[in-house]
Every structure is written in structure tokens, then in C-alpha cells.
Amino acid sequence: MQSVDRVTAVLMCFTDGEPELGVTDVAQRLALPKSAVHRVLEALTSSGMTTRSGERGKYRLGPRITELSLAALGTVDVRSVALPVMEELRDATGETVTLTFAIGNQRVYVAQVESRQDVRMTVEVGRRAPLYAGASGRAILMTFNEAELDHYLSLVELTPLTDRTLHDRAGLIDVLAADRTRGYTDSTGERDPYAAAIAAPIIGRNPRAFAGLSVCGPRARLDESARVTIGPMAVAAANRISDLLRGN
């Protein structure tokens, strides 16, 4: 196997179903020596294509892969359109505003405008998270039609990230139905136990959202009253970005 083919084969081993793999996992899958796989993974890690996970000896796709994926999806223009609106929303709410893209059955943070407050929430741009956990992902899921949602739920396991994560199918479907009625979704401690968020979908020419716009902050500040106030603001900002992207 040529070196370029070998690198490509190693990268293609990582999937939504198996986002983290060890040297032995990859070596067995590709029928390659573990020493060769280790060299490839270390080279990929040094360039940011892969990264070591929290579990000893495991690797996952790194931020450079995410950047390349986003470039292929044409998100640079989306971010340039969204950032001024995100800054206005940050100034209006006083909280961090994030932009999340759907990639497969997951979502990835592609941009953020940080709050100016001393105590604030921040995200790691390029980091992936499930669609079902937290407001940003559910803002995308709430635009799925019944068939799309059924297909998504057939592919993923609703693993709780905290003790507040929605992880039962019926409960998630009920929440998404309520979210559609008001036009936005919110969450408290579902992905990060200390964070709360409000999010609305960004929709292009397809009725299924490809992105979510979120206002996030500490749970102590984003109580129910604050979330009810910010919800329509997030919807208005997301709709504005959607209109700009559609050329309206």
C-alpha cells in the first residue's frame, strides 16, 4: 500500500459510529502492522488531522479535518454573513453566541462571538457534539420532517452526556414538537452541567436546517425568564441570517 493510500485508509476508518479508535483497531481493520499504523497516526496528530482522545491509546479526527470539511461545505461565506449578526445578538444579550453546523448525525461548532462578561461560556470551535443533546443541535433537529427524524433516531443511540440530557425517544419527540411551535429551543445543563442555551435554526433553500444559532451562558444568568426573553431574539437573528444567505 502506497503511503498516500495508507494515510487515506487510516482516516477513513473513523466514522460517526466509531469516532475513536486505537492503533490495534486500525491495524486489524486494514491488515497493517501496528508500528506502521502508529507512525501514520502520530504524523496525522502532529498536523492536526487526528488528535489523542481522553481515553488512553485512542485517537479521533482532529480540528484540521473539521476545517477541511467546512471548507468543502462552503461555510466560509456563511460565517462571513453570520458574524455581524452574531455580534449584534451578543451585544443585545450580553452572552456568547455560537454557530453550529450539522455534519452527518452530529453537529460541529464553526464560529463563536464571546460574551464580554468576566464569567462567560465558550466553546471549542471544531468540536463535535450530538444533535440530540443541547439547544444548538435540537434547533437543527426541530426542522426534520417525520421521516427524517425517524431515520435519524434509528441511527443514533441517545446516550446521556449529563443527568439532564434528553435520552428517551418519546421525550425528545415531544420537546421537538413544542420547539417547532415557538420557533426556538432551549436547554439547561444537557451537554455542560453548568451551561444553558437558547437556539434557533438557520435554513437555506431546503426546509431542513443546516445550522443552528445559539446564545449560551452560565445557568445562573440564563434562567427561565431570561430564556423566554432571548428566544425571540435568537429566532429573529437566525431568520435574518437565513434571509441573507438566500439573497433576500
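Quick note: the coordinates plus some simple rules give every number you see, no bench work behind them. It should be emphasised that the depicted structure is a prediction, and the values quoted were computed from it without experimental measurement. All Cβ positions, even for glycine, are placed from backbone atoms using ideal geometry, and neighbour counts span all protein chains on display.
Could you tell me how many degrees, from 0 to 90 and to the nearest 10, lie between the Cα long axis of helix 3-12 and the main elongation axis, the longest principal axis, of the Cα atoms of the chain? Compared with the principal axis, the helix lies near 40 degrees. Summarising the amide proton neighbourhood of A111: residues at separation of 5 or more, or on other chains, whose placed amide H is nearer than 5 Å comprise L99. With a Förster radius of 30 Å applied to the beta-carbon distance between R56 and T122, the computed FRET efficiency rounds to 0.65. Can you figure out the FRET efficiency of S80 with E157, using R₀ = 35 Å and their beta-carbon distance, to the nearest 0.05? For R0 = 35 Å, the calculated efficiency reads 0.45. Under a model in which nothing but the beta-carbon of Lys, Arg (+1) and Asp, Glu (-1) is charged, the chain shows a dipole of about 500 debye around its Cα centre.
Backbone geometry of segment 139-150 corresponds, through the Karplus equation with coefficients 6.51, -1.76 and 1.60 at θ = phi - 60°, to 3J(HN,Hα) couplings of 4, 6, 4, 5, 8, 5, 6, 4, 5, 5, 5, 4 Hz, x marking Gly and Pro. A run of the chain free of exposed loop cleavage sites, with trypsin sites (Lys or Arg not before Pro) counted only in DSSP states other than H, G, I, E and B and at most 10 other beta carbons within 10 Å, reaches its longest extent at 57-204. Taking other C-beta atoms within 10 angstrom as a stand-in for reagent exposure, D179, D25, D5 fall in the order D5, D25, D179, fewest first. Return one number: the angle in degrees, 0 to 90 and rounded to the nearest 10, between the long axis of the Cα atoms of helix 75-93 and the longest principal axis of the Cα atoms of the chain. The angle comes out near 40 degrees.
Relative to the dominant Cα principal axis of the chain, helix 63-72 is inclined by about 70°. Computed over the chain, the P(r) tail beyond 34 angstrom holds 21 percent of alpha carbon pairs.
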